[in-house]
Amino acid sequence: MARKYLGGSGERLTVWISIAASTVLIFYGYDQGVFGNVIINENFLETFGNPSENTQGTMTSIYNIGCFVGAMSTIITGDMLGRPRQILLGSTVIAVGAVIQTAAYGVPQMMVGRVVAGLGTGMNTATAGVWQAETSKMRSRGKLVIIQMANCITGFSISNWLTLGFAFAPRDVAWRFPLAFQIFFTGCIWLLCPFLPDSPRLLIRKGKYEEAYDVIAALEGNGATPDSPSVKTQFAIIKDVLDREHLNTFTWWQLITGRGPAGVLRRMILGAWMQAMNQISGINVTSYYMSYIFINALGISEILARILAACGSVDYLIFACLAYFVIERYGRRKVMMCSAAACAICWYCIAIATGLSEHGGNSYVLGSVAVAFFFAFFASFGMGVLGVPWLYPTEVNALEVRAKGASLAMATNWICNYAVVQATLPGVKNLGYKFWIIWGVVCTLFIPITFLFYPETANRTLEDIDRYFEANRGIIVCRNKLATQLHRPQVYIEEDERIAEVGEKGSWAGEDGKDDGQVTVEKVA
């Protein structure tokens, strides 16, 4: 088994899957940061006829329309292709988009390249988190997704430093090479994904029981085989929850209109809105346009603006990594609320500094204060609002529709991303300091929304979360101890023990122990 999956099993195999999923996020982070640094290059602007701010904004933001369509497409293709193959497809599509962008000499061609690259990015980001969550153990799931997000910021930082270095390159090399560099990441994906296993939960749902047993055994490690009791117990727990959901008997219309199984629509909305909060926090004001804002809103020179943006990306990366130490210890709810409060404070301080500068204050001192709070915003965002919205949809959605729910969440992410990126350049130009107040108010609203409506998912198995929503229909969760406690509820531990006990007494499979994949398990209410 070990030889089958890049020589890995157990924790080693989980690490390989994490590396592959993280490479997808490095890819995404690089794509997110590179174009905002390209559009301030003089040769780029001359090549494309010195486009207006609106045209520059459209060239940048149209990428997110492609991402939206790509994420939605995985509703159909995600389960059909499986997680690794879907990522391979998405990465190949991004490479095609990179070639079109690199060869572009006109605005329409560049927009086509941006949309094509966006299609692939949407496919990848809707899939990587689900794959990671469905192959991770309960206590490492959150940390592994935080590592993914730290890698996303690694990609963002690479784009800032690479474009800074190539700012000194001759003519169009300065912007064409950073766009072409996207192809490198596609090569990395092709070196990893063909040799890694699909999600055992997806395999069980598709009826590929023998393969599911093999993957569960490989993920278990420590010499486990498909016939090991621990492997059979995990298989039984997953299949038990899946059998009780019976979602395949309901149409999408029934699910959307609330006539499907209890809690499914609510869970999809929670995941999608969590992703919306990630985007409307204002992060992509800074991710896409940091250099532009330093130049046009704070009056900083181009080279200094590029240096500050690159340093800001390192600050962002450091605090995204530090989130690793808090995401499981304090849970999703507390981390999200504290991070949102800190982000709001940063936006208000930026608004005050820029407002005073606009009304005759010392522009150098106040500009320095604004830059300091942009750095503080990166730190605050990286500690929570960055990672929690990417982790939560992969956990909260029902097993049968986890890929579809994650796809809808990512589609929400991208359409909100598009709106923010499209509005930023006109907003900076026309609203001045008032533009920053908007983001402060929005981040403030995240605190009561999370407190009232979002149950804790830390220290729960994915099956625990299914059980919670099956039994609890109340929308307000802040007074429900089962929903908000950080430690795993005892009732779920006892349910797993009962399923394992019944499995030991009953028939786990066919005569050969695994071939027919039929599991006789007493239903647990």
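The values are calculated or read from the model by the stated rules, or taken from the named source; none is laboratory data. What you see is a predicted model; the values in this text were computed from it and never measured. All Cβ positions, glycine included, derive from the backbone under ideal geometry; neighbour counts span all protein chains shown. Just so you know, the surface numbers come from the protein's heavy atoms only, side chains and all, with ligands and any DNA or RNA stripped out. Shrake-Rupley method; radii C 1.70, N 1.55, O 1.52, S 1.80 Å.
Think of region 205-244 as a dipole: +1 on every Lys or Arg Cβ, -1 on every Asp or Glu Cβ, centred on the Cα centre; then among Leu242, Pro229, Leu219, Leu242 lies furthest on the positive end. For the pair Thr55 and Lys206, the difference between a 0.36 nm per residue extended length and the Cα-Cα distance amounts to 49.8 nm. Note that the chain presents 37 Å² accessible area per residue, ligands and nucleic acids not counted, probe 1.4 Å. For region 337-464, a simple Cβ point-charge model (Lys and Arg +1, Asp and Glu -1, everything else neutral) yields a dipole of about 360 debye relative to the Cα centre. The order of Val34, Val365, Val428 by accessible area, most exposed first and with a 1.4 Å probe, is Val365, Val428, Val34.
Note on surface exposure: Lys404, Lys334, Lys208 rank Lys334, Lys208, Lys404 by accessible area, highest first, 1.4 Å probe.
With +1 assigned to the C-beta of every Lys and Arg and -1 to the C-beta of every Asp and Glu, and no other charges, what is the dipole magnitude of region 422-511 about the Cα centre in debye, to the nearest 20?
Here the size comes out at about 960 debye.
When the residues Thr121, Thr233 are ordered by accessible surface, computed with a 1.4 Å probe over the protein chains alone, the sequence from largest down reads Thr233, Thr121. Cys residues of the chain that find no other Cys beta carbon under 4.7 Å: Cys67, Cys152, Cys188, Cys193, Cys311, Cys321, Cys338, Cys346, Cys349, Cys416, Cys478.
Extension gain, Asn430 to Gln490, is 16.1 nm, computed as 0.36 nm per intervening residue step minus the present C-alpha separation. Between the helical axis of 302-322 and the dominant principal axis of the chain, each derived from Cα atoms, what acute angle in degrees is found, rounded to the nearest 10? Once rounded, the angle reads 20 degrees.
Taken about its Cα centre, the chain carries a charge dipole of roughly 780 debye when the Cβ of each Lys and Arg holds +1 and the Cβ of each Asp and Glu holds -1.
If packing is taken as the average count of other Cβ atoms within 10 Å, what order do 432-441, 12-21 fall into, highest mean first?
Per-residue mean Cβ counts within 10 Å order the peptides as 12-21, 432-441.
Rounded to the nearest 500, the 222 nm mean residue ellipticity of the chain from helices alone is -24500 deg cm²/dmol, with -39,500 (n - 2.57) taken per DSSP H run of at least 4 residues.
Over all distinct Cα-Cα pairs of region 34-99, the Kirkwood formula returns a hydrodynamic radius of 13.9 Å. In the chain, a dipole from Cβ-located charges (positive for Lys and Arg, negative for Asp and Glu) runs towards its positive end, and of Ser363, Ile26, Ile350 it is Ser363 whose Cα lies farthest in that direction.
With unit charges on the beta carbon (Lys/Arg positive, Asp/Glu negative), name the residue among Leu270, Leu203, Ile158 whose Cα is farthest towards the positive pole of the charge dipole of the chain. My answer, from the dipole projection, is Leu270.
Ligands, DNA and RNA left out, the accessible area of the chain computed with a 1.4 Å probe is 65% carbon and sulfur.
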